[in-house]
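Worksheet for the structure shown next.
The values are calculated or read from the model by the stated rules, or taken from the named source; none is laboratory data. Keep in mind that what you see is a predicted model, and the values were worked out from it rather than measured. Note: ideal-geometry Cβ built from the backbone for every residue, glycine included; neighbour counts use all protein chains shown. These area figures cover heavy atoms from the full protein model, side chains too; ligands, DNA and RNA do not enter into them. Shrake-Rupley method; radii C 1.70, N 1.55, O 1.52, S 1.80 Å.
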Amino acid sequence: MQNFDAIVLGVGGMGSAAMYSLASRGVNVLGIEQFGIAHDRGSSHGQTRIIRKAYFEHPDYVPLLDRAYSAWSDIESAIGRSLISRTGLLLAGPSSGMVVPGVRLAAEKHGLAIEDVSLSECASRFPGFAMTPELEVLFESDAGFLWVEDCVRSLVTLATNAGAMLHTGERVQNWSADSKGIDVHTDRATYRSEQLIICAGAWTSGILESVNWPLEVRRKVVLWCNSANPAHHIDAGCPVFGFETMGRFFYGFPSLDGEAIKVGDHTSGKAVTRPDDVDRSLREQDTQRIAKFLKKHVPEAAPQPIRHSICFYTMTPDEHFIVDRHPEHENVFIAAGFSGHGFKFAPVVGSVLADLAMEGCADAPIAFLSANRPSLRCDDSP
């Protein structure tokens, strides 16, 4: 049996970051991934992910985002290439909605630079978009997107260069903990470690059978649609964009190839019980809402996609993350429930998990991501 200081289950965004943080401290760490690196079966793929600071979801994320921006910069320096494109982020929504008031609150609380853009100014500065009178428009110049697969590959490369061991194409069957450590049983072997970090994404509930957290896995569809409007190209200054409209939140990215923009509906998604069995084909209902959004707000973008991608959102009831210790085992740590907005935090989450595992505590402000918060309690009592 091979022995390690720590084992990381799942080597996507969070797991690769945890591996790198551990290995860079000299920890003897093994990462186990059931697929390959930067695979397209989970939640860390699809070419791009938005990165931004003025967080409408909750202002408590902003201090973590400050650390994330700094950490991604350090990773870029270490790997020797760019992982972030700072296109800026255009956000539009009603004053009575969730997005615009949330952005203003985060910006005010943390002194972030957010620009109000009038509808007339928006027509000249961002001609690829059509605004309607009920919308307010904000622009965050320091936002942009991460090249998601490159980020995962870079973190894995840095981890293995620092001494981490990586096993791919190996599936965890179960694990057990006792006073002497943890045994991880896979379809190939059994490994023992002092610490276990679980970053299993949509497979978390299956690996944590004894923990009754209310995690819901949703099938999400992202589309690439051709655009005849040159204003949608990244070289024309087209930003990443998000619209709270039609009772939903749509988001998208500029064309990177001169042909297609990427667009998705953040608020859609059918719950799935077995992520291994999800339907990855494109259904008619997958395109209907996005087609209506494009027609209304993104002129000259074709409503029918030229390609698509299926990924998973693992949702908590309050749509905030879980980054915490296992409720029954002091040497098991979990990062889960990233609810469709977690990837940008990967290096911070990885560092926090390494801190918890090796130091017993973390100095990052993560109390609001505790597994003990009321929204995660399954209390059936009257």
Residue order for S375, S255 - accessible surface, 1.4 angstrom probe, largest first: S375, S255
Distance from the range 1-24 to the range 235-274 (C-alpha centre basis), Å: 31 Å
Surrounding net charge for A189, when Lys and Arg each add one and Asp and Glu each subtract one, Cβ distance under 14 Å: 0
The chain: translational diffusion in µm²/s, Stokes-Einstein, Kirkwood Rh over Cα pairs, 4 °C, 1.567 mPa s: 60 µm²/s
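Of T157, T186, which has the most accessible area and how do the rest follow, probe 1.4 Å?
Working: T157 60, T186 10 Å².
Order by accessible area, largest first: T157, T186.
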Relative contact order computed over the chain (Cα-Cα under 8 Å; 6+ residues apart), in percent: 23 percent
Formal net charge of residues neighbouring L356 (Cβ-Cβ distance under 12 Å; K, R +1; D, E -1): -4
Mean projected area (nm²) of the alpha-carbon convex hull when the range 162-269 is viewed from all directions: 11.6 nm²
Extension gain from E259 to D116, taking 0.36 nm per residue of separation minus the Cα-Cα distance: 48.5 nm
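Rounded, prolate or oblate: which one fits the range 313-382, using the alpha carbon gyration tensor with axes a ≥ b ≥ c (rounded when a/c is under 1.5, else prolate when a/b beats b/c, else oblate)?
Values: a/c = 2.22, a/b = 1.27, b/c = 1.75.
Taking the square roots of the gyration eigenvalues as a ≥ b ≥ c, the range 313-382 is oblate.
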For the range 155-217 and the range 58-133, distance of Cα centres in Å: 34 Å
Distant-in-sequence amide H partners of I51 (H built 1.01 Å from N, under 5 Å): G144, F145, L146
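Might you report the magnitude of the Cβ-based charge dipole of the chain about its Cα centre, with Lys and Arg at +1 and Asp and Glu at -1, to the nearest 20 debye? Please list the in-between numbers first.
Numbers: 34 positive and 46 negative charges, 149 e Å.
It works out to roughly 720 debye.
Going highest first, how would you order 130-141, 235-246 by mean Cβ packing within 10 Å?
Details: 130-141: 17.1, 235-246: 20.5.
Per-residue mean Cβ counts within 10 Å order the peptides as 235-246, 130-141.
With a sphere of radius 12 Å drawn around the Cβ of L282, what net charge do the other residues whose Cβ falls strictly inside it have (Lys, Arg +1; Asp, Glu -1)?
Values: positive: R219, R280, R283, R307; negative: D279, E284, D286.
That works out to +1.
Have a look at the DSSP beta bridges in the chain and tell me what percent are antiparallel, nearest 5.
Working: 55 of 78 bridges.
That works out to approximately 70 percent antiparallel.
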The range 300-356 - percent relative contact order, Cα under 8 Å, separation 6 or more: 32 percent
Solvent-accessible area, 1.4 Å probe, carbon plus sulfur percent, for the range 281-370: 49 percent
The chain: angle of helix 148-161 to the longest principal axis, Cα-based, in degrees nearest 10: 30 degrees
Karplus-derived 3J(HN,Hα), 6.51/-1.76/1.60, for each residue of the range 355-370, Hz, glycine and proline x: 4, 4, 5, 9, 10, x, 7, 9, 8, 6, x, 10, 4, 6, 9, 5
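Could you look at the range 25-112 and say what percent of its accessible area is carbon and sulfur, using a 1.4 Å probe and all protein chains? Please report the intermediate quantities before stating the final value.
Numbers: 1590 of 3380 Å².
Looking at the range 25-112 in its full context, I get 47 percent from C and S.
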The range 79-234 - percent relative contact order, Cα under 8 Å, separation 6 or more: 21 percent
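Please calculate how many Å² of accessible area the chain carries per residue, with a 1.4 Å probe and no DNA, RNA or ligand atoms counted. Before the final figure, lay out the partial values.
Details: 15650 Å² over 382 residues.
Spelled out: the 1.4 Å probe surface of the chain, per residue, equals 41 Å².
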